[in-house]
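**Q** Mind having a look at this structure? Questions to follow.
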Amino acid sequence: MKEITAKELEQKLASGKKLNIIDVREDEEVAMGKIPGAKHIPLGQIPERLAEIDKSEHYYMVCRSGGRSGNACEFLIQHGFDVTNMAGGMLVWEREME
């Protein structure tokens, strides 16, 4: 599984690149803030919401600490998606949130 650090993802966002980010945390966690532009799909809903994820695009998966997003990555890779896990999750995110 591919991984990226929060710092590397922050740099990609700062460069103005359009990134596809999926936050797999629960509603109450996301209510405290998420990466600007990230799509919220709780981990348990990924299987039934696959149609919302475009196989031709690359996605960065995010959770609180990197564990659940790693599980999401493994599931999505098995289904043919191109994904990268953000190591450390939102615990190490230092930029602004929405």
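Only the coordinates and a few stated rules stand behind these numbers; no lab work does. Source: prediction; values computed, not measured. A quick note on method: Cβ atoms are made from the backbone with ideal geometry, for glycine too, and the neighbour counts reach across all protein chains shown.
**Q** Mind listing whichever residues of region 60-73 are out of contact with any helix residue (DSSP H, G or I) (no Cβ under 6 Å at 6 or more places or on another chain) and more than 11 Å from Glu3 (Cα to Cα)?
**A** Of everything in region 60-73, those that are out of contact with any helix residue (DSSP H, G or I) (no Cβ under 6 Å at 6 or more places or on another chain) and more than 11 Å from Glu3 (Cα to Cα) turn out to be Gly67, Asn71.
**Q** Take the conditions more than 23 Å from Lys7 (Cβ to Cβ) and out of contact with any Gly (no Cβ under 7 Å at 6 or more places or on another chain) and apply them to Pro36. Does it pass?
**A** No.
**Q** Which members of region 76-86 meet the condition of being of a type in the set (A, V, I, L, M, F, W, C) and either without any contact (Cβ under 8 Å) to a residue 24 or more places away in the chain or surrounded by fewer than 17 Cβ atoms within 10 Å (Cβ to Cβ) (or both)?
**A** Matches in region 76-86: Ile77 only.
**Q** Right, next: On the basis of being within 12 Å of the chain's Cα centre (by Cα) and more than 19 Å from Asp82 (Cβ to Cβ), does Lys7 make the cut? Reasoning before the result, please.
**A** On the way: within 12 Å of the chain's Cα centre (by Cα): no; more than 19 Å from Asp82 (Cβ to Cβ): yes.
The answer is no for Lys7.
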